[in-house]
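Scroll down for the structure; my scribbles are underneath it.
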Amino acid sequence: MNYFVSENIFAFNSGTEHSQAKRTRLFNKMGANAKYVTRDYNRFLARDAVALGLDHTQVLNMYDFFQGRTDTVRVEQPLRLLKQIPLDQYHIVSDNPNYSVIQHAGVPIARVNVMPATVGLVGDISYYDRFGNTTVRENWDWRGFKSSIDYFHPDGQLGVRKILNAAGDTVIEITHMNVDGKLQATMWKLLNYKGHNFRFNTEDQLFLFFLNEQLMTDPESLVISDRRSLDYVVADVTAVHNKWAYLHDIHIVDEKEPLKGRLFEAYVPVLESRAKDFAGVFVATEAQKQDIKRRFPKLTVVVAPDTVVEQPRLDEGVPAASSEAHHILWVGRLSPERRPEEALKAFATVIKNVPDATLEFRGYPVSATYLTELKQLADKLGVTEHVTFDEYVTGDALAKRYKNAAVLLQTASGEGFGMTVTEGFSYGVPAVAYDVRYGLKEQIRDGENGFLVHDGSTSILAARLTEILTNDAFRQTMRQAAFDTAQTYGEATVFKAWQQAFGS
Amino acid sequence: MFFHVNATMPRQKSGIEHAELKRFKLLNGHGVDSRVILRDWDPNVHYNANDAGISDDQLINMFDYFQEATHVSAKKLHVGDLDFGVLHTKNEWEAGHNRYLVTTRSGQLVARVNVDATDDQRVVSTELFDGFNNLYRVDQYDRRGFVSLSQWYTPDNKIGTETWQTPSGRTVIESFNRANAVGETNKSGWRLTDKQGKVWQFDSIELLTLHFFDCLNDDFWSDDEPNIFVLDRGHLGDWGLLHLKRPAYVVMHLHNSHAGDAQDPMHSVLNNHYEFSMNALDEYDAVVSATHKQTQDVIARFHPKTELFTIPVGVVPNSQLQAPRVPVKDRTFGKVVAFARIAWEKHLDDLVRAVGIVHQTVPEVSLDLYGYADSSDNYKARRAVEAAIKDYHLEDVVSMKGYTTDVGKVEDSAMMYGLTSRMEGFNLAIMEAISHGLISFTYDVNYGPNEIVEDGVNGNVVPYENVQALADAMLKVLQDPDLAQRYSTGAYESAERYSDANVWAAWQRLIADAQHKWPTKLAALPNHQEVQD
């Protein structure tokens, strides 16, 4: 079995989760059993995993495991059919689609919040006391069962969360108390696990216990730590030895200083302090491998693919050319290190020559403030009419966006691997990006499937974009080249590369 | 089913518990099944109830009922049996505190384990700490060896949420302590998850108790006969039992004077315990008083339409009624006894004074007081007794004997019994005294003494708080052996009023009334179908 270890699967995922999910799917498809392992308590995991194309056999969550819920399938639980509400005593009053109120003799005694994005399914139930305080909150899993119960401190902050099994017994208690005057979770207590209780001060200690319990049954397993925040936990795992870390990102703060530049703090454990606890690290590119080897000669560094293009996509070939010939797509998290500002600045120049050009951002912002700042910048640059900031999408919805685009714009300050670039290629979308370490340099062949532009030069960026948008014949050539590149990331090729990676 | 409703069954019982236990045993003796319903949470409730003669089969505690713990085989837990989820802990005994300190290998406190040092160091409660030295929870153990109540602490070290579990650890009852709109912390609600998984929310324990009564009424429902609820403590259900979902036969049992000043039953402010029930009198199916006098006073003041029953709360066992009688000449001449707590309401200093007056004429008189001294106001009642002893120089005449269980032996050798209380609900002690042939002297005090003692038959009833009259009555008996023997014989015979057969007959009248009214109550139910053969 292969275990790919991460924190969570979110509603909005970053490249790390996407990469990990693609790898999990590929391995299972190729007959090498793999599980996407997550630490966090997430009532929506089943829904979010499906959004990443994973079914319950491919995901293993710590809380699910202790709850005995790993095989539970979804059964919709409408709030009006909830057996726990004595409807011969209480009324359910629904004044809006988001929540209903349980009343006794006209007095509200509880509020049932509807499961997000459903019609009338139970999401959570908050019970009130006679003063109107929330006393208990019952949290329902997406799969339609009561998963946990919260009690609160007098000021309304979470006091204790009890995680339940199917019988309704508490399997984990998470206590929140003060440390240095600040309320935080101070204890994870695993109850009656194999007949004993186990107390932990941190969630990661519980996670380590869980990993060892799981891996003990399968000591020949391979473990890949996909999240830098969990490297120290995986390093502590004793049940297996074949432990690796996949470095999805650039490990140095300044991409121009690979040998002497400061390491990102999160990379210190796997590259330095706990390096000996790993069999080695995987990176996406030969260039990153060489940089790491030169700096940390004792490390085993192996190149392994960070993405895969699924066969059905390749089978369809290059999609018909976009109807919106002058549409630029930018995909990714709206965050400073991805520099969406650069895209706006370059675009402001593009529309001078291509007045009907449009730019679409697709991704979730790191904060509402940051999104506002970007919108203000668009305004200042006078491009607001041509720019959209659209919600994060995956799957078919995202495919549609790629099919609509003439060119993909990538402005990151450094990348382990540009997954969206390869994704764009698979839809015949050429990419324009800055020439920064590591992945983009290898993925984009300047002038063939896109352009690499000297870092920070928005005017050249704009020129290259304009060239692709305005020269239809050239664009058609590039589309084919892009698609050809994507074919080198096909399932068989990638899996073979992984097999070689393991063999090394 | 016949339900006796009370709060709990403590080791030190008051008259109410004694009265209830006598009724419970009377019913058992006559083949009538009943249940003792105890409302309050009490980790020792089964132990104490079993000790009082109530088996688990006939005991239903409200918390137990919802905790699915009515029948649990007891297991004595010791500190070594506990699992704190921490490896390699060390237990250190703190003798002065009757507790163990459980620490990690590095010396950090994991728990304090409080034990009962008188019971083989049985675990009573645990105070649990997290890894950051916060007390986050106190677990209270049921005496049968499981965590019954968990008290979750707030960051400022107060009890926040309280949860009650089944023996297997599933939470079924929660209660909350929260601030109201002006910042005062109160019990703010109760939440119940029942066996069917239904979740109920109650504003107060009274509403939870009412739900519990409804559950009992359903569980024991019969179309053939009503459930009878006898409420022995008003606060548990004087309101609730009037609001049952389905009918039952609800009995309000008076155990004390309904009037705040028992000597002024017509006009004084009502005894707070009965103020509600006296105002809602006609809503009960029946009201029970232990004495005819109280029944008459209730009628005179409230003119109720509901059924009133006079049923003594004491029963003199047949063995005592048939026991050989001890003639006065074989008793210690002049020995007066009293069995009562030395407390303000018992006013025993007056009895000492009466004996003091008698002593001036009959030096052989003596007084033995049996009972605990009440500690209120720094033993004020005992100090009053001691002052009276000093005033009359009775140091060699009056003895405070403390508590005894050998009542029969003491009463078979004494001659007289004295009672000078300010008020009474019945007074089992003086009933027991006449059954042993003691000549009884009492103030004319409501309720019980002035009915159990029949003036000129088994002793004398003298005007309330008239010490001289009490002394005169005693002197008359001490100076007239024939009169003494006549009163003693009268005492033995007057005890017949409290025979098992007589008290049982009184309860049978009540049960018959319940039965008689049942068809009407059933007929009033919507859509009720008569059961056809």
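Applying the criterion of being under 18 Å from B:LYS293 (Cα atoms) and among the acidic types (Asp, Glu) to the residues of the range B:399-449, the residue that is modelled with the highest pLDDT is B:ASP444.
Pick from B:PHE176, B:PHE229, B:PHE212: which is within 30 Å of A:ASN192 (Cβ to Cβ), away from every other protein chain (no Cβ under 14 Å) and open to solvent by less than 10 Å² (accessible area, probe 1.4 Å)? Even if it seems obvious, please write down each step before you answer.
Numbers: B:PHE176 fails: away from every other protein chain (no Cβ under 14 Å); B:PHE229 fails: within 30 Å of A:ASN192 (Cβ to Cβ).
None of the others qualify; the one that does is B:PHE212.
All conditions but one from (1) within 10 Å of another protein chain (Cβ to nearest Cβ); (2) in a strand (DSSP E or B) apply to A:ASP124; the one that does not is (1).
Do any helices (runs of 4 or more DSSP H) lying entirely in the range A:1-77 carry at least 2 residues that are touching a Leu at 6+ places or on another chain (Cβ under 8 Å) and open to solvent by less than 40 Å² (accessible area, probe 1.4 Å), and which ones are they?
Details: elements: A:15-29, A:45-51, A:62-67.
Because the criterion is at least 2 residues that are touching a Leu at 6+ places or on another chain (Cβ under 8 Å) and open to solvent by less than 40 Å² (accessible area, probe 1.4 Å), the helices (runs of 4 or more DSSP H) in the range A:1-77 that meet it are A:15-29, A:62-67.
Looking only at residues in the range B:187-203 that are facing chain A (nearest Cβ under 8 Å) and over 23 Å from A:ARG80 (Cα atoms), the one that is surrounded by the most Cβ atoms within 10 Å (Cβ to Cβ) is B:GLY189. Inspection of the range B:16-37 identifies at least one residue that is crowded, with 21+ Cβ neighbours inside 10 Å, within 23 Å of B:GLY145 (Cβ to Cβ), away from chain A (no Cβ under 14 Å) and out of contact with any Asp or Glu (no Cβ under 6 Å at 6 or more places or on another chain).
When A:GLY159 is tested against (1) crowded, with 16+ Cβ neighbours inside 10 Å; (2) more than 10 Å from chain B (Cβ to nearest Cβ), only condition (2) is not met.
Here A:LEU344, A:LEU329 are screened, and the one residue that is open to solvent by less than 30 Å² (accessible area, probe 1.4 Å), in contact with a Lys or Arg (Cβ under 8 Å, 6 or more places away or on another chain) and not in a loop (DSSP other than H, G, I, E, B) is A:LEU329. If you go through the range B:151-167 and keep only what is within 7 Å of chain A (Cβ to nearest Cβ) and either open to solvent by 60 Å² or more (accessible area, probe 1.4 Å) or in contact with a Ser or Thr (Cβ under 6 Å, 6 or more places away or on another chain) (or both), you end up with B:TRP152, B:GLY160. Please determine whether any residue of the range B:314-326 is in a strand (DSSP E or B) and under 27 Å from B:TRP504 (Cα atoms). Yes, the range B:314-326 contains a residue that is in a strand (DSSP E or B) and under 27 Å from B:TRP504 (Cα atoms). Being surrounded by 20 or more Cβ atoms within 10 Å (Cβ to Cβ), farther than 19 Å from B:TRP152 by Cβ, at pLDDT 95 or above and more than 9 Å from chain B (Cβ to nearest Cβ) is a description that applies to A:TRP142. Take the conditions (1) within 14 Å of chain B (Cβ to nearest Cβ); (2) open to solvent by less than 50 Å² (accessible area, probe 1.4 Å); A:ALA105 misses just one of them, which is (2).
Kindly evaluate A:ILE172 against the criterion of being within 12 Å of another protein chain (Cβ to nearest Cβ) and touching a residue at least 60 places away in the same chain (Cβ under 8 Å). Answer is yes for this residue. Within the range A:314-326, being in a helix (DSSP H, G or I) and open to solvent by 30 Å² or more (accessible area, probe 1.4 Å) holds for A:ASP315, A:GLU316. Is it fair to say B:ILE430 is surrounded by 23 or more Cβ atoms within 10 Å (Cβ to Cβ), without any contact (Cβ under 8 Å) to a residue 24 or more places away in the chain, outside the structural domain of B:SER289 (by TED's automatic domain parsing) and in a helix (DSSP H, G or I)? In short, yes.
Out of B:THR154, B:THR103, which single residue is within 20 Å of B:SER175 (Cβ to Cβ), among the hydroxyl-bearing types (Ser, Thr, Tyr) and at pLDDT 95 or above?
Numbers: B:THR103 fails: within 20 Å of B:SER175 (Cβ to Cβ).
One residue alone meets the criteria, B:THR154.
Residue check: B:HIS243 meets all listed conditions (1) in contact with a strand residue (DSSP E or B) (Cβ under 8 Å, 6 or more places away or on another chain); (2) modelled with pLDDT of 95 or more but one, namely (1). When the range A:183-230 is limited to residues that are within 14 Å of chain B (Cβ to nearest Cβ) and part of a helix (DSSP H, G or I), the one that is most open to solvent (accessible area, probe 1.4 Å) turns out to be A:GLN205. The single condition among (1) closer than 22 Å to B:LEU231 by Cα; (2) touching a residue at least 24 places away in the same chain (Cβ under 8 Å); (3) outside any helix (DSSP H, G or I); (4) not β-branched (Val, Ile, Thr) that B:LYS305 does not meet is (2).
Identify, from the list B:PRO304, B:PRO324, B:PRO317, the residue that is at pLDDT below 95 and either under 30 Å from B:MET474 (Cβ atoms) or of a type outside the set (S, T, N, Q) (or both). Can you show your working first?
Values: B:PRO304 fails: at pLDDT below 95; B:PRO324 fails: at pLDDT below 95.
Unique residue meeting the criteria: B:PRO317.
The criterion of being farther than 21 Å from B:ALA429 by Cα, modelled with pLDDT of 95 or more, in the same structural domain as B:VAL352 (by TED's automatic domain parsing) and more than 29 Å from the chain's Cα centre (by Cα) does not hold for B:ASP455. Of the residues screened, B:LYS76 is one that is open to solvent by 60 Å² or more (accessible area, probe 1.4 Å) and closer than 26 Å to A:ASP169 by Cα. Within the range B:280-290, is there a residue that is more than 18 Å from B:THR306 (Cβ to Cβ), assigned by TED's automatic domain parsing to the domain that holds B:GLU20 and touching a residue at least 40 places away in the same chain (Cβ under 8 Å)? So far as the range B:280-290 goes, no, none of its residues is more than 18 Å from B:THR306 (Cβ to Cβ), assigned by TED's automatic domain parsing to the domain that holds B:GLU20 and touching a residue at least 40 places away in the same chain (Cβ under 8 Å). Within this structure, A:PRO297 fails the test of being open to solvent by 20 Å² or more (accessible area, probe 1.4 Å) and in the same structural domain as A:ASN449 (by TED's automatic domain parsing). The criterion of being assigned to a strand (DSSP E or B), within 21 Å of B:GLN196 (Cα to Cα), outside the structural domain of A:PHE44 (by TED's automatic domain parsing) and in contact with a strand residue (DSSP E or B) (Cβ under 8 Å, 6 or more places away or on another chain) does not hold for A:ASN113.
The values are calculated or read from the model by the stated rules, or taken from the named source; none is laboratory data. Just so you know, these numbers come straight off a predicted model, no measurement behind them. For neighbour counting, all protein chains shown are included, and Cβ atoms are generated from backbone atoms with ideal geometry for every residue, glycine included. Accessible surface is based on the protein model in full, side chains and every heavy atom, while ligands, DNA and RNA are left aside. Shrake-Rupley method; radii C 1.70, N 1.55, O 1.52, S 1.80 Å.
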